[in-house]
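The values are calculated or read from the model by the stated rules, or taken from the named source; none is laboratory data. None of these values were measured; they are calculated from a predicted model. FYI the Cβ positions are ideal-geometry reconstructions off the backbone, even for glycines, and counts take in every protein chain you see. Side chains included, ligands, DNA and RNA excluded: accessible areas come from the protein's heavy atoms. Shrake-Rupley method; radii C 1.70, N 1.55, O 1.52, S 1.80 Å.
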Amino acid sequence: RRPAARDRDRTPGKPGLLVIRGVPGETAQPDDGAADDLADILNATQTAFLILDRGLRLLFLAGNASRWFALTAADIGRGLAELALPVADPALVEDARAALATSRPIRSEIRTKDGTWLMRVAAPYRAGAEPAGGVLVAFTDITALKATDAATRQAKLYAESIIDAIREPLVVLDENMDIVFASRSFYRFLDTSPRQALGHRLGDSDGHHLDVPALAPFIERLRAGARRIDEHRMEIELTQGERHTMLLSAREIAGLTEGGRNILVTMEDVTHMVEVQRATELARQRAEQASLAKTRFLAAASHDLRQPLQTLRLLRTLLAERVTDPETRRLVDSSGQALRIVSDMLDSILDINRLDSGVIHPQITAFPINDLFRRLRAELMLQVEAAGLDWRVVPSSAMVTSDPRLLERMLRNLLSNAIKYTPRGRILLGCRRRGGNLSIEVWDTGPGIPQSEQRTIFREFNQGAGASRLAHAPGLGLGLSIVQRLAERLGHRVDLASRVGHGSVFSIEVPLAEHTASAPAAPGRGPPPTRPLPLQGVVLILENDPHVREALAMFAVSRGLDPVTAASGEDALALIAAQDLAPDMLIVDHSLSGAVDGLAAIRRLRAAAGRDIPALVLTGDVSTASLRAITASGLPHLAKPVSAEALREALETLAGSPAPATQAGGAAPSPSEHVTIFVVEDNADLRRTLRTFLEAKGYRVEDFATGEAFLEALPDAAVGCAVLDFRLPGMDGIEVLRRLAARGSRLCAIMVTGSGDVSTAVEAMKAGAVDFVQKPVSGNKLVASIARAMESAADPQSRENEMLAASRELTRLTPRQREILDLVVAGRANKEIAVRLGINQRTVESHRAVVMKKLGARSIAELMRQVLAAR
């Protein structure tokens with residue numbers, strides 16, 4: 001009950017909603033107290049209420065009825081149709097009657113003249129258990145709700161339009177892996193419909209196009225709770241019989257629905273991309289095959305061309321020494337010029353192949369640049385004078401840091417180009433300091449190079465447009481390419497400045513050494529002449545070409561040697577056996593006829609003689625495998641056609657040079673009488689040769705044919721070094737190393753391998769080998785390896801420091817440099833590395849040069865030792 005005071009304050013006749021107390025058969029009357037309470041509640045709402053009796057006459061109103069419809073107490077008792085409601089609601093009376101008749105509420109949305117949206121509800125009300133006593137009509141403002149609903153629909157349409165614009169099929173799965181949404185592209189691509197897809201599993205939603213075994217692991221990963229799956233590849237077959245490669249990805253969507261997972265699955269058709277990849281791979285394989293075919297062709301053609309050129313070059317030299325008639329000498333000199341041009345072309349091909357094969361390794365040292373200038377001036381003087389050019393070399397006192405041999409090759413190429421392309425005027429070779437570098441410059445007064453060609457002039461087989469205008473400028477367009485690639489290998493910078501009609505300047509920037517020479521020698525005077533070493537003794541010449549063989553023999557006789565010739569290794573061995581021949585030196589062609597090549601023939605001849613006979617290898621073969629094999633042998637070698645001067649110098653070196661030092665910058669080690677070298681080698685000839693050589697070096701040597709015999713005879717306290725062949729009969733070299741480690745032996749060990757396989761070397765190092773040497777075994781290299789091994793055994797801390805230093809240096813490499821390093825030590829050529837990594841071959845060469853420089857490695861073998869030491 002409300003307080004009596006409040007009852008007294010209620011204004012009589014105030015419009016209100018009354019709770020009706022009904023008496024059967026009588027008109028319902030309001031209960032003033034209850035009506036007052038309910039009226040206060042309804043007036044506080046934002047809804048307009050009209051209460052009608054069964055005759056649809058207005059009994060009471062509340063809420064916003066007075067404000068919205070301008071109704072007052074005077075309107076009570078009037079019929080609903082007579083009320084002047086400012087609402088376009090023609091169905092109001094009919095709906096009120098229907099509510100009374102059906103005892104069910106009837107709803108309708110209406111809009112006022114001012115654009116307001118109202119929700120109108122006509123509902124019957126009851127008085128107790130009696131039938132409906134009238135109708136309650138409620139009007140609620142839903143304008144804001146309608147606006148929100150419209151915005152929601154618009155956003156949904158916008159989102160759907162974006163999704164429909166995506167070409168890739170999209171579906172949303174629930175936690176049961178059923179489809180709850182799919183894009184139009186999904187229906188279109190898989191030729192299905194919402195009725196077939198929604199509520200179905202992914203594989204059952206599209207005529208079973210996706211029902212393939214490859215889909216199962218994708219679904220299972222999602223069932224297991226995977227929140228993200230990237231690039232699951234599978235193949236499907238569409239209705240047209242076309243096979244497509246699809247790339248499925250999945251992402252879990254947070255907050256899409258309450259109480260369950262939703263997963264967005266995207267499907268990308270990568271059929272075309274896969275086809276392109278396959279076509280690219282096929283093209284790459286064909287390109288590799290074409291490159292290999294080109295390499296084989298160049299190797300074969302180069303070898304066949306070099307053989308007659310070799311004969312001509314030696315015969316021309318011998319002829320020039322005997323000719324006294326000036327006119328005849330001029331003709332001989334002209335033939336020499338033609339031979340030189342052809343030889344330069346072949347040398348360029350050889351240099352390119354050497355760079356591709358990775359067998360050119362810089363030997364960085366400090367040297368006076370003027371020594372190089374003097375050699376070039378003397379060498380090119382006649383050539384420049386024959387061209388009618390002025391030739392000037394500016395001396396310098398600078399000391400530079402580079403590989404003198406490779407830098408000389410670069411400058412010779414630049415100078416040869418300048419001579420070829422300068423029809424008149426002069427050529428200058430000089431240098432100037434630029435900070436910590438020395439810029440070595442070649443100036444010419446040739447036609448100049450247009451700006452448009454200056455970027456391409458360093459490419460292979462590119463001579464520029466100017467070359468075609470110069471009939472006297474033969475060549476292959478490889479000279480500048482070799483300069484650029486050698487510069488990248490050395491880490492030097494090459495620049496070009498040129499003006500058409502005025503000439504060109506090519507420059508190479510080389511680091512300056514810490515100190516300089518005292519004074520430059522006068523240009524043109526050259527180094528003091530040296531007396532050629534006397535050549536004497538027997539030289540065994542192995543050459544399968546009879547003309548080259550005869551020319552080499554004639555040259556040997558002219559230099560005081562007694563030549564013995566053979567066409568193959570088998571013939572040479574027969575000569576040694578039949579005549580008890582003991583040659584003092586060997587000249588061996590690498591490409592011999594018969595079962596063995598030149599390197600194998602040298603090994604057999606040395607084994608038969610029981611000593612390391614000094615040997616020189618000649619080669620016209622520019623194939624990658626041959627260049628690597630020759631370089632790995634450590635033997636001196638010359639490329640055909642060999643000039644008489646170069647051949648003479650090489651033979652003098654063989655005849656008169658002492659055995660090389662075994663340690664960088666130091667003399668051969670002094671063997672101790674307590675140190676024994678244990679040679680374990682199953683080949684009797686090689687075992688005897690190694691023993692003889694090592695004993696000549698002052699070592700005490702014991703040799704064994706098997707690992708079992710070695711371990712059985714080895715004293716526990718033995719001190720020294722074991723030289724183990726990797727492939728021994730029975731127990732191999734790796735197992736011998738393991739047995740030595742198990743016994744706690746103090747011996748250091750060197751593994752001798754026949755293949756140079758990196759995995760073998762790694763296995764040997766892990767088993768305890770200090771170093772590895774590749775067959776054919778070079779005696780001096782073996783002594784150097786023994787010295788390193790003994791030093792490491794005597795000072796384990798130095799070995800540990802070496803490993804730590806190598807590890808530190810490796811960590812400083814960039815990821816790309818480390819990637820290239822791994823492929824280099826795996827025996828891959830630059831061309832193979834470039835193809836595998838999808839980069840330019842020049843980039844590989846540049847990275848490789850930087851790696852060698854960073855690690856301070858002067859050869860691949862040294863590089864491999866550092867990498868293995870760091871592992």
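Residues in the stretch 367-408 that are open to solvent by 30 Å² or more (accessible area, probe 1.4 Å), under 22 Å from Met852 (Cα atoms) and polar (S, T, N, Q): Thr401 only.
Taking the criterion of being open to solvent by 50 Å² or more (accessible area, probe 1.4 Å) and either touching a Phe, Trp or Tyr at 6+ places or on another chain (Cβ under 6 Å) or of a type in the set (Asp, Glu) (or both), the residues of the stretch 69-104 that qualify are Glu82, Glu94. Filtered by the rule that a residue be open to solvent by less than 50 Å² (accessible area, probe 1.4 Å) and either of a type in the set (A, V, I, L, M, F, W, C) or outside any helix (DSSP H, G or I) (or both), the stretch 561-572 gives Leu561, Pro563, Val564, Ala566, Ala567, Ser568, Ala572. Ser66 meets each of the listed conditions (1) at pLDDT 85 or above; (2) open to solvent by less than 70 Å² (accessible area, probe 1.4 Å) apart from (1). Residues that are open to solvent by less than 40 Å² (accessible area, probe 1.4 Å), among the aliphatic types (A, V, I, L, M), part of a loop (DSSP other than H, G, I, E, B) and in contact with a helix residue (DSSP H, G or I) (Cβ under 7 Å, 6 or more places away or on another chain) within the stretch 142-184 comprise just one, Met177. Taken together, the residues in the stretch 192-231 that are modelled with pLDDT of 80 or more and part of a loop (DSSP other than H, G, I, E, B) amount to 13. Determine the pairs where a residue that is in a loop (DSSP other than H, G, I, E, B), located within the stretch 581-595, has a partner that is modelled with pLDDT of 80 or more and among the acidic types (Asp, Glu) with Cβ atoms under 7 Å apart, the partner being 6 or more residues away or on another chain. That search, which allows pairs on different chains as well, returns His590/Asp597; Ser591/Asp597; Gly594/Glu570.
Within the stretch 700-745, being open to solvent by less than 60 Å² (accessible area, probe 1.4 Å) and either aromatic (Phe, Trp, Tyr) or assigned to a strand (DSSP E or B) (or both) holds for Val701, Asp703, Phe704, Phe710, Gly720, Cys721, Ala722, Val723, Leu724, Asp725, Phe726.
The number of residues in the stretch 430-450 that are farther than 21 Å from Lys420 by Cβ and within 36 Å of the chain's Cα centre (by Cα) comes to 6. I'm trying to understand the selection: among the residues of the stretch 259-277, which are farther than 18 Å from Ser185 by Cα and of a type in the set (Asp, Glu)? The answer is Glu275, and nothing else. Flag set for Asp685, criterion: open to solvent by 20 Å² or more (accessible area, probe 1.4 Å), at pLDDT below 85 and in contact with a helix residue (DSSP H, G or I) (Cβ under 9 Å, 6 or more places away or on another chain). The requirement of being under 25 Å from Ala254 (Cβ atoms) and either open to solvent by less than 30 Å² (accessible area, probe 1.4 Å) or of a type in the set (Phe, Trp, Tyr) (or both) is not satisfied by Leu210. Somewhere in the stretch 124-141, is a residue in a helix (DSSP H, G or I), among the aliphatic types (A, V, I, L, M) and at pLDDT 75 or above? Scanning the stretch 124-141, I find no residue that is in a helix (DSSP H, G or I), among the aliphatic types (A, V, I, L, M) and at pLDDT 75 or above, so the answer is no.
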